């Protein structure tokens, strides 16, 4: 029987600015594709109640984050870029060990994620509306962009660092809060790149709940999100 090495980690959920253990008894093992004797991580498939707590935390954080001026939200995302640049090698090696991607390709994916985060941080000063000609006299017609609320992101295993950043950073810079569910096959890469860097960049208080990660079984992913202001939902468990 194959046994786990000492490197495996029990993943946790990141809810309301804190890493918390899931109460789920359903555990999924992720093994190193290059060495099946090594368990990279053990992932609890979080419960429906834990998912609801994640959504509730993101809803609570939403008003303060929405009211944060967009350029200030952009500054926070620029901090995320710097943190990811500092951790680029570490993130790439984690990605290779967990997903099996060649290190050169893993470094390329991390750089792609950095580029996306940098672009979206700059978007904070380009959240423009429009003025439009009106058919009615003495009428001023214009559009503005407003955040929706809680946004969910369910992401796949094949680009587990770049795709979460694609989803998370646009949502955050436009004033939404986010709940993320990474793929079970890559339980560490997405949270390592997104949750750690973003949470390290956020202000204290309710801002710490702006980004949430929870782990849930696929069967629990639909109905609560349909009731949550057009959130394409998420959740997941990750290592601290």
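Does residue 116 count as touching a residue at least 24 places away in the same chain (Cβ under 8 Å), crowded, with 24+ Cβ neighbours inside 10 Å and assigned to a helix (DSSP H, G or I)?
So residue 116 does not fit the description; no.
Being in contact with a strand residue (DSSP E or B) (Cβ under 6 Å, 6 or more places away or on another chain) and under 29 Å from residue 21 (Cβ atoms) is true for just one of 106, 58. Which residue is that?
Within the list 106, 58, the selection yields 58.
Considering only residues that are over 15 Å from residue 149 (Cβ atoms) and either surrounded by 16 or more Cβ atoms within 10 Å (Cβ to Cβ) or in contact with a helix residue (DSSP H, G or I) (Cβ under 7 Å, 6 or more places away or on another chain) (or both), which ones fall in segment 53-72?
Once the filter is applied, which keeps residues that are over 15 Å from residue 149 (Cβ atoms) and either surrounded by 16 or more Cβ atoms within 10 Å (Cβ to Cβ) or in contact with a helix residue (DSSP H, G or I) (Cβ under 7 Å, 6 or more places away or on another chain) (or both), segment 53-72 yields 53, 70, 71.
Go through segment 22-72 and give me each residue that's over 20 Å from the mean Cα position of the chain (by Cα), in contact (Cβ under 8 Å) with a residue 60 or more places away in the chain and part of a loop (DSSP other than H, G, I, E, B).
24, 26, 33, 34
Checking residue 122 against (1) touching a strand residue (DSSP E or B) at 6+ places or on another chain (Cβ under 6 Å); (2) assigned to a helix (DSSP H, G or I): exactly one of these is not met. Which one?
Only one criterion is unmet by residue 122, namely (1).
Considering segment 89-110 alone, what residues qualify as being in a helix (DSSP H, G or I) and surrounded by fewer than 17 Cβ atoms within 10 Å (Cβ to Cβ)? Write out each step before concluding.
Residues of segment 89-110 in a helix (DSSP H, G or I): 89-99, 103-110.
Across segment 89-110, the qualifying residues are 89, 90, 93, 103, 104, 105, 108.
Among the residues of segment 142-165, write down those that are within 22 Å of residue 72 (Cβ to Cβ) and surrounded by fewer than 23 Cβ atoms within 10 Å (Cβ to Cβ).
Those that are within 22 Å of residue 72 (Cβ to Cβ) and surrounded by fewer than 23 Cβ atoms within 10 Å (Cβ to Cβ): 144, 145, 146, 147, 148, 149.
Limited to segment 186-209, what total is found for residues that are in a loop (DSSP other than H, G, I, E, B), touching a helix residue (DSSP H, G or I) at 6+ places or on another chain (Cβ under 7 Å) and modelled with pLDDT of 60 or more?
So the answer is 3.
The values are calculated or read from the model by the stated rules, or taken from the named source; none is laboratory data. These numbers come from a predicted model, not from an experiment. In this analysis, Cβ positions are derived from the backbone assuming ideal geometry, glycine residues included, and neighbour counts consider all displayed protein chains.
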